[in-house]
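Take a look at the structure set out below.
The values are calculated or read from the model by the stated rules, or taken from the named source; none is laboratory data. None of these values were measured; they are calculated from a predicted model. Here Cβ is always computed from backbone atoms with ideal geometry, including for glycine, and neighbour counts include all displayed protein chains. For the accessible areas, the whole protein counts, side chains as well, though only heavy atoms, and no ligand, DNA or RNA atoms are used. Shrake-Rupley method; radii C 1.70, N 1.55, O 1.52, S 1.80 Å.
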Amino acid sequence: MNLRSRPLIVLTLAATSLAACGSPGPAEEPPLSEEAVASVTENAGAPAKALAREVDDLFTMEGLGETRALIVMKDGKIAAERYGEGYDADTRFVSWSMAKTVTAMMVGQLVGDGLLRLDAPAPVPRWQRSGDPRADITLRHLLQMRSGLEHTEAGDPPYESGEVRMLFLDGRDDMADYATAQPPEAEPGAKFEYSSNTTVILADIAARTLTESSDPEARRRAVSDYLHARLFDQLGMDSMTLEFDRSGTLIGGSLMHATARDWAKLGELMRLKGSHRGEQLLPRSWVAEMVKPSPKSPHYGLQTWLNRPNGEPEHPLFPDRAPRSAFSMIGHMGQYVFVSPEQGLTVVRLGHSNAEERKAMLQQLADVIELYPAEGR
């Protein structure tokens, strides 16, 4: 036998042997747990097994932080719902900065009522003194985080940041007084600077619009009654709990508490352009303003994050993996109410993830969202 033919014979025999035994195919995925399967409803709107697995990964994968609640709504129906250990459908979850979007909804209702004007100077008494450059700050500037007021949102050390000082240190008893006292560092409208203090100014404007009283209890009652009557009660949001400072100002930038389902109701209201069961709770034109890019920040509207490129290497959402028409309420440590009208989706993710974990967690959240093609495509 020609020795040169031996390798070919060996390879042929090996291939025949493997074929007879069955060559190893791709590794099979592990079976889904009962908890994973149970998280998906009959209204999944996507392949149920795939949805169950992506949801399960969000709760179990290493490096994503702790997901405490997830709700996926497709066309107004719950497609998937799951909670982490120690949490359930009755748990009230803190908003952190998701509250900013709710405060913008309240301001929009007051604008719709004719009590405030979007492009008029913000009615802040302290700024109306002769020669004060802050008199040119409009309500729109505040809503788009373009006030020009001096601010540091997250400083190092933290206790030197404007947000921490307002919430927990020298500004905590009268947060609006602290926030409105800050000097200008830029022309109104000239630059975007994210600021929880700015949203407290908006909440104070709302309180003074609703009551002339400076009594803290009267201010709390006026804002709470208005929000419940005009928004929360209409949506059936029985869980919503608001926090106020000692002066009676709503801590509108960071401290509201509600169940995951109630957070989803707010997302659905935005998805439906302010309409709920045939009633326009928010002016349709106001919702359009909320999701319109700011001149200084294409990824931000009126107290609302937009899924649009921002020209930066990092983004708070994922414009490369979901429609650019999508938007989100976003809160500290990984709170999201993500809304994609083109996909008929509202997705609530609540939990605790640090900065590095959020990057990975957002990609996994995008895996869930990509199971739903945009309508009309």
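Before moving on, here are some points about what is shown:
- Counted charge near Glu289, where neighbours are those whose Cβ lies closer than 12 Å (Asp, Glu -1; Lys, Arg +1): +3
- As a rough guide to protection, the peptides 174-184, 211-221, 151-161 ranked by mean Cβ packing within 10 Å, highest first, stand as 174-184, 211-221, 151-161.
- Counting only Cα atoms, the range 142-182 measures 25, 23, 14 Å along its principal axes, largest extent leading.
- P(r) tail for the range 296-341: Cα pairs beyond 14 Å make up 44% of the total.
- For the peptides 193-200, 35-42, 335-342, the ranking by packing is 193-200, 335-342, 35-42, with the highest mean count of neighbouring Cβ atoms within 10 Å listed first.
- The lysine pair tally for the chain, using Cα distances under 26 Å and a gap of 8 or more places or different chains, is 28.
- Centre separation in Å (Cα based) which lies between the range 319-345 and the range 116-141: 32 Å
- Its residues counted as N, the chain yields a C-alpha radius of gyration over 2.2 N^0.38 Å of 1.20.
- Helices that extend 15 Å or more along their long axis by alpha-carbon positions and average at least 1.0 on the Kyte-Doolittle scale are, among the DSSP H runs of the chain, 6-21, 98-112.
- Cα centroids of the range 172-196 and the range 241-257: 18 Å apart.
- The sum of -39500 (n - 2.57) across all DSSP H runs of n ≥ 4, divided by the residue count of the chain, sets its helix-only mean residue ellipticity at 222 nm to -10000 deg cm²/dmol.
- Inter-label distance, nm, simple model (7 Å from Cα along the C-beta direction), Asp88/Asp57: 3.0 nm
- Surrounding net charge for Ala190, when Lys and Arg each add one and Asp and Glu each subtract one, Cβ distance under 14 Å: 0
- Local electrostatic count at Leu169 - Lys and Arg +1, Asp and Glu -1, tallied over other residues with Cβ under 11 Å: -2
- Added length on full extension, which subtracts the Cα-Cα distance from 0.36 nm per residue, Ala229 to Glu375: 49.2 nm
- Gyration tensor (Cα) of the range 99-191, equivalent ellipsoid semi-axes in angstrom: 23, 17, 13
- Computed over the alpha carbons of the range 42-107, Rg followed by Dmax gives 14.3, 42 Å.
- Exposure of Asp173 as accessible area (Å², to 10), given a probe of 1.4 Å and all protein chains: 70 Å²
- The base-10 log of I(q)/I(0) for the range 247-326, evaluated at q = 0.17, 0.22, 0.24, 0.27 Å⁻¹, reads -0.85, -1.16, -1.21, -1.24 [Debye formula, identical scatterers on Cα atoms, solvent excluded].
- Shape descriptor for the range 120-159: Rg over Rh equals 1.09 (Cα atoms; Rh from the Kirkwood inverse mean 1/r).
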